[in-house]
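Down below is the structure, laid out as structure tokens.
The values are calculated or read from the model by the stated rules, or taken from the named source; none is laboratory data. Only a predicted model underlies this, so the values are computations on that prediction, with no experimental measurement involved. Cβ: placed from backbone, ideal geometry, glycine included. Neighbour counts: every protein chain shown. In case anyone asks, the SASA skips ligands and DNA or RNA and just uses the protein heavy atoms, side chains included. Shrake-Rupley method; radii C 1.70, N 1.55, O 1.52, S 1.80 Å.
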Amino acid sequence: VPSFPQPASAAAATRPIPGSYGPPLLGPLRDRLDYFWFQGPDDFFRRRAADHKSTVFRANIPPTFPFFLGVDPRVVAVVDAAAFTALFDPALVDKRDVLIGPYVPSLAFTRGTRVGVYLDTQDPDHARTKAFSIDLLRRAARNWAAELRAAVDDMLAAVEEDLNRAPDPAAASASYLIPLQKCIFRFLCKALVGADPAADGLVDRFGVYILDVWLALQLVPTQKVGVIPQPLEELLLHSFPLPSFVVKPGYDLLYRFVEKHGAAAVSIAEKEHGISKEEAINNILFVLGFNAFGGFSVFLPFLVMEVGKPGRDDLRRRLREEVRRVLGGGDGGEAGFAAVREMALVRSTVYEVLRMQPPVPLQFGRARRDFVLRSHGGAAYEVGKGELLCGYQPLAMRDPAVFDRPEEFVPERFLGDDGEALLQYVYWSNGPETGEPSPGNKQCAAKEVVVATACMLVAELFRRYDDFECDGTSFTKLDKRELTPS
């Protein structure tokens, strides 16, 4: 993202936000086609920032025309690190029904429950549901590392089997995408909900695919998919809300699974947080399926891909040495929360992937009142009450005013005192990495758990392998660790 410092004389003055929404219907349609088709999201925001010579500007965000009734696509786009912080201030922005922008999927996806992430901090139900999520994570911490390791072992065994079946070992390749999703689903069910998918054959076999479809039906109207020709994608996937009835039988199956096998978690919601049974189960499924499974399914493949890229042998060597030094000799100790806190390079690498590939690229907030939005160099913009702010994280976290070599993957970026100081500009969790989730804010309740889980996955890879390489989301090399007798 270009940087546009303002002259000192303008430091105290506000100015109108540049850009326009264009004529009704045509302006939103033009921006939608640019966003999905002609430019793509990254170029969409970069070009407009360059055209307006501003990191704050007006634009339309999908979904739009023709059948998204009641959806106002007009936003104030924010793509720099300084102005982005306004999105975290509960005194400035209202977070009700803006999780994925101005469009809210039907409540039928959650059996009529407005789950916690769609509530604003001033909604009395928000504190209860957020506190319940934090409580679930706290209780899950006892078994988190052990369940993750067991699921990762199963995943890697399946990937190794696929690689070994390749007719030509020199050209062998095995996708880790579905095995990783199965790993995520099984370990989250057991650690977070206390329910083993193996107790229900249908859930064990189809749970991952149910969640994939459930997520897609809610998100596809706002996402570039790219698996069918773009004209068909615009007509079939981006022109109207997708129906919930398609996935209702699958969602009901997961609902009954949590009701029966996750009864202890549901009881905590009822007895300790004052949440009804139905609302508890729907919130558990949303945290499990949307926040945790959905977020990990986006982020962890990027992490494995970045570490496993050809040419990064030296990074992998240093990561391997750090992991094995912390875990000790032989098969090593447990790569739990305490151990991964000692893995400085592993943590820095995880933060760098989160900086460059945040699992949720867009964050939104609606102005509670008129206020002045401040950016770098004293630039100040007048935001009106009710306007929707749209922060695009991949550019805000590549702000050249904050990060040196912002477009490069620098795994050591967050090492040392200077590196740790940069964590205040890592915003993937709907708040700065130096912030703390609480019932009074909208920061991701699992902020610390996500980072630790990613570190644990890297640690498990280097516990098992001396080296590995990836081509996209497929392993092309897995060098099994040779354990020497003591």
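Where a Cα-Cα gap under 16 Å defines reach, which aspartates and glutamates qualify for Lys480, not counting those fewer than 8 residues away within the same chain?
Leaving aside aspartates and glutamates fewer than 8 places away in the same chain, those within reach of Lys480 are Asp153, Asp154, Glu160, Glu161, Asp162, Asp313, Glu321, Asp331, Glu460, Asp466, Asp467, Glu469.
Which trypsin sites (Lys or Arg not before Pro) in segment 159-201 sit in a loop by DSSP (not H, G, I, E or B) and have at most 15 other Cβ atoms within 10 Å of their own Cβ? Before the final figure, lay out each step's value.
Working: sites: Arg165, Lys182, Arg186, Lys190; in loops: Arg165.
Answer in residue order: Arg165.
Solvent-accessible area per residue for segment 9-166 at a 1.4 Å probe radius, Å²?
On the way: 6820 Å² over 158 residues.
Ligands and nucleic acids excluded, the result is 43 Å² per residue.
Please express the shape of segment 213-325 as an equivalent ellipsoid: the semi-axes are the square roots of 5 times the eigenvalues of the C-alpha gyration tensor, given largest first in whole angstrom. Provide the component values of the computation, followed by the final result.
Numbers: eigenvalues 228, 157, 19 Å².
Those come to 34, 28, 10 Å.
Does segment 165-259 come out rounded, prolate or oblate by the C-alpha gyration tensor, with a ≥ b ≥ c the root eigenvalues, rounded set by a/c under 1.5 and, if not, prolate when a/b is larger than b/c and oblate if not?
Details: a/c = 2.70, a/b = 1.08, b/c = 2.50.
It comes out oblate by the Cα gyration axes.
Answer with one residue from Ala108, Ile228, Gly419: the one whose Cα lies farthest towards the positive end of the charge dipole of segment 26-480, charges on Cβ with Lys, Arg +1 and Asp, Glu -1.
Positive-end residue among those listed: Ala108.
Convert 37 °C to kelvin, take the viscosity as 0.692 mPa s, use the Kirkwood radius over C-alpha pairs of the chain as Rh, and evaluate the Stokes-Einstein diffusion coefficient in µm²/s, rounded to a whole number.
For these conditions, the coefficient is 138 µm²/s.
I'd like the accessible area for Val287, computed on protein heavy atoms only with a 1.4 Å probe and all protein chains in place. Round to 10 Å², please.
Here the accessible area works out near 40 Å².
I'd like the Karplus ³J(HN,Hα) series for segment 174-191: coefficients 6.51, -1.76, 1.60, θ = phi - 60°, whole numbers in Hz, and an x wherever there's a Gly or Pro.
9, 5, 9, 5, 5, x, 5, 4, 5, 4, 4, 4, 5, 6, 5, 4, 6, 7
Can you compute 3J(HN,Hα) from phi for each residue in segment 243-250, using the Karplus curve 6.51 cos²θ - 1.76 cosθ + 1.60 with θ = phi - 60°, rounded to whole Hz and x for Gly and Pro?
Along segment 243-250, the couplings run x, 7, 4, 4, 10, 4, x, x Hz.
Average projected area of the Cα convex hull of segment 316-427, in nm²? All intermediate terms of the calculation are to be shown ahead of the outcome.
Values: hull surface 36.6 nm².
Mean projected area of the Cα convex hull: 9.2 nm².
Looking at this model, which pairs from Lys182/Lys477; Lys130/Lys309; Lys224/Lys277; Lys277/Lys447 are more than 31 angstrom apart at the alpha-carbon? Please list the in-between numbers first.
Values: Lys182/Lys477 21 Å; Lys130/Lys309 38 Å; Lys224/Lys277 36 Å; Lys277/Lys447 26 Å.
Correct reply: Lys130/Lys309; Lys224/Lys277.
Output ³J(HN,Hα) for segment 103-116: one whole-Hz value per residue in order, computed from phi by the Karplus curve 6.51 cos²θ - 1.76 cosθ + 1.60 with θ = phi - 60°, and x for Gly and Pro.
Along segment 103-116, the couplings run 9, 10, x, 4, 5, 4, 5, 10, 6, x, 8, 7, 6, x Hz.
Which loop-located GluC sites (Glu not before Pro) does segment 354-416 contain, where loop means any DSSP state but H, G, I, E or B and the Cβ has at most 12 other Cβ atoms within 10 Å? Let's see the in-between values first.
Details: sites: Glu382, Glu387, Glu407, Glu408, Glu412; in loops: Glu387, Glu407, Glu408, Glu412.
Passing both the DSSP loop test and the Cβ count: Glu407, Glu408.
Counting only C-alpha contacts under 8 Å and six or more residues apart, can you give the relative contact order of the chain as a whole percent? Could the numbers behind the result be given before it?
Numbers: 781 pairs, mean separation 115.0, N = 486.
Here the relative contact order equals 24 percent.
Counting only protein heavy atoms and a 1.4 Å probe, tell me what percentage of the chain's accessible area is made up of carbon and sulfur. Provide the component values of the computation, followed by the final result.
Details: 11260 of 20360 Å².
C and S atoms contribute 55 percent here.
For Val78, enumerate residues with amide H under 5 Å from its amide H, sequence gap 5+ or separate chain, H modeled in the peptide plane.
HN-HN under 5 Å from Val78: Cys390, Gly391, Tyr392.
Using the heavy atoms of the protein chains and a 1.4 angstrom probe, tell me the accessible area per residue for segment 294-408 in square angstrom. Spell out each step's value before the answer.
Working: 4270 Å² over 115 residues.
Computed with neighbouring chains in place, this is 37 Å² per residue.
List the residues whose amide H sits under 5 Å from the amide H of Ala379, counting only those 5 or more places along or on another chain, with H placed 1.01 Å from N in the peptide plane.
Gln6
Please list His273, His52 from largest to smallest accessible area, probe radius 1.4 Å, with all protein chains kept in place. Mind dumping the intermediate values first?
Working: His273 35, His52 65 Å².
These residues rank, largest area first, as His52, His273.
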